1. Return the sequence-ordered ³J(HN,Hα) values of the range 35-49 in whole Hz as given by the Karplus equation 6.51 cos²θ - 1.76 cosθ + 1.60 applied to θ = phi - 60°, using x for Gly and Pro.
2. Test of understanding: ordering Asp747, Asp705, Asp110 by Cβ neighbours within 10 Å, fewest first, what list do you get?
3. If Lys and Arg each add +1 and Asp and Glu each add -1, what is the summed charge of the other residues whose beta carbon sits under 14 Å from the beta carbon of Phe284?
4. To the nearest 20 Debye, how big is the dipole of the range 433-533 about its Cα centre, given +1 on the beta carbon of each Lys and Arg and -1 on that of each Asp and Glu?
5. Decide, for the range 347-436, between rounded, prolate and oblate: order the square roots of the alpha carbon gyration tensor eigenvalues as a ≥ b ≥ c, take rounded if a/c falls under 1.5, and otherwise choose prolate if a/b is larger than b/c, else oblate.
6. Less than 16 Å apart at the alpha-carbon level, and either on another chain or at least 8 residues along: which aspartates and glutamates does that give for Lys398?
7. What is the Cα radius of gyration of the range 315-466 over 2.2 N^0.38 Å, N being its residue count?
8. Over 18 Å between Cα atoms, which of Lys81/Lys141; Lys360/Lys385; Lys652/Lys709; Lys703/Lys731; Lys84/Lys144 qualify?
Amino acid sequence: MASHTAPHPNAELLESATKGFGYLFANDIDAAKTLFTGQDDPFHLMGLGVCAFLEAVLGMETNVVTEASRCLALSETASRKYAKNGVGAAKGKVYSRFPAGMEWEILNADAVVLLGLTNAISESYMGYLQCMYALNNAHSKFTKLYKTVFPAGLPEIESPSSSPTTSAPPTASLAPPQDLHHKSSVSSLASAASRLSSKSSDPTPGYLAATTPGTPTGALTPTSSVGKGFFSRWMGASNAAAAASEPALHSPSRGKKGHAGHPHETRGFEDGPVEELIVSGTAFGYGLFNLVFSLLPKKVQGLVGFLGFQHDRALALRALALSATKQDVHGVFSGLVLMTYYGVVLLLSGWQADEANLIKVYRGIVDNVELRYPEGALWILNRAKILRMANDPEAAIKVLQDGLKPKADGKKGFAQADMMLWFELAWLLLGQRRYEEAAAAFVKMTELNSWSHGTYYFIASGCHFAIGNMDKAQELLDTIPGLIDKKMGGKDLPTEVFIKKKLTFYKEKQARRGGDPARYVEAIKICPAEELAIFWNTHARIDVVTAKAHIATFAALTPKLTITSPEIEALASQNVDHEGVKQRRNSISSTKSKASAAVPAATSSGFLSGWTGSSVVASPSSTSVEKGGEVLDLDNGDEQAVRALLLGICHKTVESYEAAQAFLGEAVRLQDGGRVRVNTWVGGVAWFERGVAEIREVEWRQKRDSEGKGDAYWKGEWERALKGAGAKLEKAMALSPNSVDLSSRLDSRVSMLRDEIVAKRASLGIAGK
């Protein structure tokens, strides 16, 4: 059949808008806005909306969030109007294998989703609820589009072996505009990346891996070509609960023209930019919708469960992976969404069932987009994140610092994206104990956006505290009350709620100790920056030397420790009550069987045998004064619980798991004993970290198995550890109601870790959850 070659009537508008997105992805947001401005069609209005949305979601500034909502609302209205009026359609003429006006429906659905995500920027439960209602409104739109574009389900993603992603040139449909002058490439990217690992011989990137339809979500089903990829374990049809609302996945047929499996492919239409937008946009929007819902805190999902929507994360990731293979704007955004998702899982889940493959997948997505836009700040950011997750923080710092160098052409670039580079750099410097540089980076953040200067100053003050610069630390603390009342959309920011409580706590402690009220920094003994860093899981991705330095710092505080470890015993100056250690160990040994019955624990042997049961053992009550008359550094249960938590996390990082469980158990015991008044978040986080430590310990033991224990043995060990971790996560959630500081963050972390546990169970053939 002859091909229909008449150009689509809306193709010219789309190609014009696409050029604007090319500017945006190449870091020239001003040029992008200039191109989008003055046009009232949905394509260009969406371009303006996306620019504002990215500025809002990256900068989290109130005024920009408002502008993003305005622009996206205009795009939503215009696309709805164009679809209703059939703009671009001519009576009696057919230009595409898809129904007329689908491009407007795609844009309308995009606008609805982005409006919903804008509501979630506040990271509050109310914001999440508003996001959920907006997404629910879009559910019917995406379902309709999905069934129209993919009536036979998502197709297999063809291997790009004929044009490997490592050598593919920029596409004609979406490439940096010819008149855009780049600064020189960031030379450190390639050299830093080469230290990670060599490229895989598999021509199919992991995120393009196919799957066998019909496999329950989370199950591992090997495929002939790509079963080794991380993404393969996310694949499969929706589970039974989701089946009622999600289109089923079927094995598609393949045609010579058009999108594989589509019933219109035999009509002889050649796909153009509009068809590419429809296919990629449907996969992107539907995938994003499902992924966002699946990642919202379970409490929020439960509150809106009556709406009837059942998410499917496996389907979401598969749809996004399909979109990421396309060359239109949605393909780039799908890559960005996948980068963000994998980056969050690597940072916050605590443990991954297959970390090496996950990093490989992440790197493949970044490589694919970065080849087209080497100067884009967002890709530089994700390159640095990969290096950080691969335990090369110094290389990550170098990549970010190079990316932040002034542009050769003098252009200011994408300020909000550059701000993200600064934010990542600040946390990396803090993680490496480069406190002075970290303080400067966090203060720099206040020059780049208006979001929560109080939070940045609080962290910076902690950095100055850590290096003994008490005057500067107090100066920064004094500025916070005047900044802390800033709200995002009139709501309290979770971090600022936390900071308010901490400032009050420090002032009360200073008064209790009879100190100068104007110098309450003197009452601080645990670095505020390191305490807040717990919520970003900063201490899990630091090197052993840095972790041991933290252990030395926290162990030096009084009262003396009644828990010890090889790492603490190796310190030149010990701060351990060895008599207390002996008494505690004897007490723990006598109650170990009771503790093991209550919570499954990892097998312990060696230096700290028996310590994992410490959560049920009482320690001597503390007072404000040490035995020798010296005032204690930590004269209250709140601070002692935070110290125990930090010591537990750092011991986990150095793979000293018995000590980690002992310290984490102590943090739980202090809260269970009613001695934690302000830091009520500690117990939930400690139980979460105990679950992570239990899993990591069995993984660590298996890697170091010198006796060659068989698969059956290790399967049993994994089953016990995963069961024990699951029980600990239940306890973590029980201690994390909405009233607890930053509870939504812990909720999401628990959800991610549970997903990893399900995946590991499936890979081992272990039944249960």
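Each reported figure results from applying straightforward, stated rules to the coordinates on display, with no laboratory input. Please read these numbers as outputs of a predicted model, since none were measured by experiment. Note: ideal-geometry Cβ built from the backbone for every residue, glycine included; neighbour counts use all protein chains shown.
1. Computed from phi, the couplings for the range 35-49 are 5, 6, 5, x, 9, 10, 7, x, 4, 6, 5, 5, x, 4, x Hz.
2. Lowest to highest Cβ neighbour count: Asp705, Asp747, Asp110.
3. The answer is -2.
4. Using only the charged Cβ atoms, the result is roughly 320 debye.
5. Numbers: a/c = 2.41, a/b = 1.28, b/c = 1.89.
Cα axes put the range 347-436 in the oblate bin.
6. Glu375, Asp418, Glu424, Glu437
7. Against the empirical 2.2 N^0.38 Å value, I get 1.10 for the range 315-466.
8. In this structure, Lys652/Lys709; Lys703/Lys731 exceed 18 Å between Cα atoms.
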